[in-house]
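Everything below concerns the one structure shown next.
Quick note: the coordinates plus some simple rules give every number you see, no bench work behind them. From a predicted model like this one, the values you see are computed outputs, not experimental measurements. Cβ sites come from the backbone with ideal geometry, for glycine too, and all protein chains shown count toward neighbours.
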Amino acid sequence: MKMHDISLMVTEKTVTWENTEQGFSKRWAAKLGTPGNDFNLSVLTDGTHTGTHVDAPLHFIPGGKSIEALDLNILVGPAQVVEIFGRDSVTSADLEGAGITPGMERVLLKTDNTRLKRKDNPIFDEGYVGLAPSGAQWLVSHGVRLVGIDYLSIGPHGPVNTQTHTIVLGAGMVVVETLVLDDIAPGKYTLIALPPKFQGLEGSPCRALLIEGELT
Ligand SMILES: [Zn+2]
């Protein structure tokens, strides 16, 4: 089975939204070799939107589903990676011309965010490429249930960010953000994007994988 890890390595330097959100940190609650400790045990602190992560509808939709309630059939299944370069935002026209297979329920957008390695820069870049509201509408009207993108947010920076999130999350779609698509050729794969099962979260880090071919 040929597998690609499309998750970002999260460190204490990993870029966070506008450089203001809580990022990842770890402290040792017990440390091997210190008096009274015969094991290592750590406590982590993290924002729920650090690194590769899932947005649940609750992120923007009052009463929307939280992470542990997401349908696993959305988080695992056939996915198509599409390359859309040279665009400030991804519009319905871009998606229309992207060769997305009819009926494809998971679409991962590989944009200039990847080409410019924005996710690797510890400084937040508000000029990132996001999905325009028209693109969000296109995905909803084509039955897409999961959309992924290669920077911290599905929507472009600014007021339009809320519009895009509201359209996709309001339709019950799941969003996966900060995907690592550097080495991923466009085409069809099987996606696995599973967040841990904590109760009541609106977002959560996840480990995202693409498997070549279909899972049997
Ligand atoms: Zn998010």
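With the convex hull of the Cα atoms taken as the outline of the chain, the averaged projected area works out to 13.3 nm².
Can you give me the relative contact order of the chain as a percent, contacts being Cα pairs under 8 Å and 6 or more apart?
Averaging sequence separation for qualifying contacts and normalising by length gives 31 percent for the chain.
Among the trypsin sites (Lys or Arg not before Pro) in the stretch 153-216, those placed in a DSSP loop whose Cβ has at most 14 other Cβ atoms within 10 Å are K197.
For the chain, what is the mean residue ellipticity at 222 nm derived from helices alone (per DSSP H run of n ≥ 4: -39500 (n - 2.57); sum divided by total residues; nearest 500 deg cm²/dmol)? Please list the in-between numbers first.
On the way: 5 runs with 33 residues, N = 216.
Taken over the chain, the calculation gives -3500 deg cm²/dmol.
Placing dummy labels 7 Å off each Cα toward the beta-carbon, the span from E214 to K2 is 1.8 nm. Efficiency by 1/(1 + (r/R0)^6): what FRET value for E12 and D183, r their Cβ-Cβ distance, R0 = 25 Å, to the nearest 0.05? Step by step, r from the Cβ atoms, then E = 0.50.
In loop segments of the stretch 147-210 as defined by DSSP, the chymotrypsin sites (Phe, Trp or Tyr not before Pro) with at most 16 further C-beta atoms inside 10 Å of their C-beta are F198.
The calculated FRET efficiency for L116 paired with T34, based on their beta-carbon distance and R0 = 41 Å, is about 0.40. Per-residue extension of 0.36 nm, minus the Cα-Cα distance of R27 and K197, leaves a gain of 59.0 nm for this segment.
When you restrict to C-alpha pairs under 8 Å that are six or more residues apart and normalise by the size of the stretch 154-216, the relative contact order lands at 25 percent. Extension gain, N19 to N73, is 16.1 nm, computed as 0.36 nm per intervening residue step minus the present C-alpha separation.
When only Cα pairs below 8 angstrom with a gap of at least 6 residues are kept, the stretch 97-216 shows a relative contact order of 22 percent.
The residues packed around Q80, meaning those with a beta-carbon under 12 Å from its beta-carbon, carry a net charge of +1 if Lys and Arg are +1 and Asp and Glu are -1. Model label sites at I123 and S141, defined 7 Å from Cα along the beta-carbon direction, differ in position by 4.0 nm.
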